[in-house]
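The values are calculated or read from the model by the stated rules, or taken from the named source; none is laboratory data. Computed from a predicted structure; not experimentally measured. With ideal geometry, Cβ positions are generated from the backbone for all residues, glycine too; neighbour counts draw on all protein chains shown.
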Amino acid sequence: MNGEHEEPHGSQNGEVHQDWRPSSWKTKPIKQPVVYEDPNVAGKALAQLQRLPPLVTPYEIWKLRRSLRDVALGKAFLLQGGDCAELFDYCHDNAIDSKIKLLLQMSLVLIWGGNKPVVRIARMAGQYAKPRSSPMETVDGKQIPSFRGDILNGYPPDQRTIDPNRLVQAYFHSAATLNYVRAQISSGIADLHNPLEWELGHVRDQGMQTKYTRIVDSITESLRFMRTIGADTAGQLHTVDLYTSHEGLLLAYEEALTRKLKHPPNRDSSISGVPEGSHVRTGEGYYNTSAHFLWIGDRTRQPDHAHIEYFRGIENPIGIKVGPTTSVQDLTQLLDIVNPRKEVGKVTLITRYGEGKVDELLPQHIAAVRESGHVVVWQCDPMHGNTRSTTSGVKTRSFASIFSELSSALRIHQQCDSFLGGVHLELTGDAVTECTGGSQGLQDEDLGARYETFCDPRLNEKQAMELAFLVAGSQRG
Ligand code: PEP
Ligand code: MN
């Protein structure tokens with residue numbers, strides 16, 4: 001593979017990051033800065049975080065990196081989804097169960113559609129920090145600080161002061177969420193020996209209903225066949241991998257959970273978590289142990305700023321949001337900075353242009369990346385470029401616009417001799433009414449029924465499943 005190097009940035013393999021430290025971001029200008037009123041209290045919280053054990057391990061991080069390498073090479077598909085702003089309150093069994101089940105069910109449909117394995121990453125167990133377009137907002141005629149996510153302040157208007165004690169609370173809520181995810185997965189929540197519930201009764205359009213039913217029948221029949229012939233020698237039908245992710249926005253938190261750790265040993269190649277090939281991985285590297293995958297938001301990806309500085313030093317697979325304001329020069333410069341060795345699949349480019357802009361912008365970004373020699377995962381986030389306000393001022397997104405950007409991305413990649421590697425969605429397993437459209441036919445007027453998001457509007461369970469059906473349908477042709 002051209003320009004591919006699997007060696008880590010470990011001491012025995014030559015330091016490529018001699019001038020990098022988990023704290024070197026502090027020497028750079030920063031967007032979305034956070035100022036703690038009492039630095040002593042914040043310092044104590046950060047010191048406590050530094051002592052707490054990692055939430056994820058280098059072994060798991062490399063297992064995901066291997067899978068994302070497959071995605072970048074067209075051998076697998078990536079499904080990433082969850083809340084826009086995860087609240088500490090969502091650390092609750094029902095909310096977690098419904099999200100795991102939804103991601104699993106969507107991934108089955110996508111496996112059917114693309115005929116390849118699906119890598120699942122939840123926006124969960126740490127998605128607590130939000131970038132905001134304005135530091136202040138008006139509530140009941142009063143100017144108050146904007147809600148910046150549970151790791152910084154609270155949504156109720158009287159809790160908008162930045163509170164450093166939330167740093168440690170974020171860690172423990174991440175840990176509890178992740179523990180429950182791991183426990184449920186090892187207890188068989190994703191066990192395909194059990195029949196899945198596919199509720200399609202809400203689909204009003206008869207043609208759609210027939211189409212989706214056919215897909216479900218096909219999946220159910222395949223699973224039945226596999227069980228019958230005993231095609232589960234490795235127990236693969238019993239369990240799945242589900243990785244965690246969040247936006248790496250609050251760098252003080254990310255720094256505190258960044259650890260210099262031994263690279264995983266190069267074991268038998270049948271262990272899929274081990275980096276491929278004969279490279280002996282020795283030495284140590286810096287791992288962000290708060291999540292398997294972290295991404296850089298659209299507002300914080302300036303090449304000479306703090307967030308890029310932090311991200312260039314960690315071993316985790318990372319995402320970069322790419323939008324209408326990303327120049328071709330910035331894009332390739334960013335890739336060179338965060339991935340100087342051009343490791344395949346190390347970087348996921350999460351494109352979020354909006355349905356009206358994707359045709360103009362995506363082809364030039366694909367061409368520039370190809371020219372640069374980087375091999376990335378191309379992931380479409382059809383949510384963030386398609387936010388609109390209803391006439392009564394409710395923030396929403398239309399299902400049709402979301403699907404339009406996604407199908408344009410699929411088509412454009414094909415036309416450019418590239419391929420779409422994955423999707424990035426804001427969704428919830430609950431029956432909320434935050435996005436319009438979809439097979440239930442939600443209108444602007446219906447949004448009040450269960451509008452529960454504290455940040456961006458999410459697809460509900462039925463809309464999310466429908467999107468999976470539509471993508472699978474278009475992949476199959
Ligand atoms: C998000 O993913 O919730 C987000 C803020 O996206 P973006 O950085 O692309 O605006
Ligand atoms: Mn969002």
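Side notes on the structure shown:
- Pick from the range 67-116, criterion surrounded by fewer than 20 Cβ atoms within 10 Å (Cβ to Cβ) and among the charged types (D, E, K, R), ranking: nearest to Pro457 (Cα to Cα): Asp89
- Number of the exception - Glu452 against (1) within 15 Å of ligand 2 (Cβ to nearest atom); (2) closer than 20 Å to Arg352 by Cβ: (2)
- The residue pairs whose first member lies in the range 20-39 and is outside any loop (DSSP other than H, G, I, E, B), whose second member is surrounded by 14 or more Cβ atoms within 10 Å (Cβ to Cβ) and of a type in the set (Gly, Ala, Ser), and whose beta carbons are closer than 8 Å, counting only pairs six or more residues apart or on different chains, are Ser24/Gly313; Trp25/Ala306; Lys26/Ala306.
- Close pairs (6 angstrom Cβ cut-off, 6 or more residues apart or separate chains): aromatic (Phe, Trp, Tyr) in the range 368-391, away from ligand 1 (no atom under 15 Å from the Cβ) and modelled with pLDDT of 95 or more anywhere: Trp378/Leu420; Trp378/Gly421
- Of everything listed in (1) more than 16 Å from ligand 1 (Cβ to nearest atom); (2) touching a residue at least 40 places away in the same chain (Cβ under 8 Å); (3) hydrophobic (A, V, I, L, M, F, W, C), the single unmet condition for Leu427 is (1).
- Index of the failed condition, Ser398 passing every other in (1) surrounded by 23 or more Cβ atoms within 10 Å (Cβ to Cβ); (2) away from ligand 1 (no atom under 16 Å from the Cβ); (3) without any contact (Cβ under 8 Å) to a residue 40 or more places away in the chain: (1)
- One residue alone among Ile215, Ile189 is among the aliphatic types (A, V, I, L, M), away from ligand 1 (no atom under 16 Å from the Cβ), part of a helix (DSSP H, G or I) and buried (at least 17 other Cβ atoms within 10 Å of the Cβ), and that residue is Ile215.
- Taken over the range 372-384, residues that are assigned to a loop (DSSP other than H, G, I, E, B), crowded, with 23+ Cβ neighbours inside 10 Å and within 16 Å of ligand 2 (Cβ to nearest atom) amount to 3.
- Qualifying residue in the range 68-78 (condition: within 16 Å of ligand 1 (Cβ to nearest atom) and part of a loop (DSSP other than H, G, I, E, B)): no
- When residues of the range 66-116 are limited to those that are basic (Lys, Arg) and under 26 Å from Thr396 (Cβ atoms), the one farthest from the chain's Cα centre (by Cα): Lys101
- Matching residues in the range 423-464 - criterion: being within 19 Å of the chain's Cα centre (by Cα), at pLDDT below 95 and part of a helix (DSSP H, G or I): Glu461
- Within the range 293-309, the set of residues being within 16 Å of ligand 1 (Cβ to nearest atom) and outside any loop (DSSP other than H, G, I, E, B) comprises Phe293, Leu294, Trp295, Ile296, Ala306, His307, Ile308.
- Test for Ile121: is it within 16 Å of ligand 1 (Cβ to nearest atom), of a type in the set (Val, Ile, Thr) and not in a loop (DSSP other than H, G, I, E, B): yes
- Meets criteria (closer than 19 Å to Phe469 by Cα and surrounded by fewer than 15 Cβ atoms within 10 Å (Cβ to Cβ)) for Gln206: yes
- Breaking point among (1) part of a loop (DSSP other than H, G, I, E, B); (2) under 22 Å from the mean Cα position of the chain (by Cα); (3) away from ligand 1 (no atom under 16 Å from the Cβ), for Glu355: (3)
- Leu331 vs. criteria surrounded by fewer than 24 Cβ atoms within 10 Å (Cβ to Cβ), within 15 Å of ligand 1 (Cβ to nearest atom) and free of Cβ contacts under 8 Å to residues at least 40 places away in the same chain: yes
- The number of residues in the range 425-446 being in contact with a Leu (Cβ under 8 Å, 6 or more places away or on another chain) and either among the basic types (Lys, Arg) or within 16 Å of ligand 2 (Cβ to nearest atom) (or both) comes to 6.
- Verdict on Lys130 being within 16 Å of ligand 1 (Cβ to nearest atom), part of a helix (DSSP H, G or I) and either small (Gly, Ala, Ser) or closer than 23 Å to Leu55 by Cα (or both): no
- Condition check for Ser401 on (1) closer than 28 Å to Ser67 by Cβ; (2) assigned to a helix (DSSP H, G or I); (3) small (Gly, Ala, Ser): one failure, at (1).
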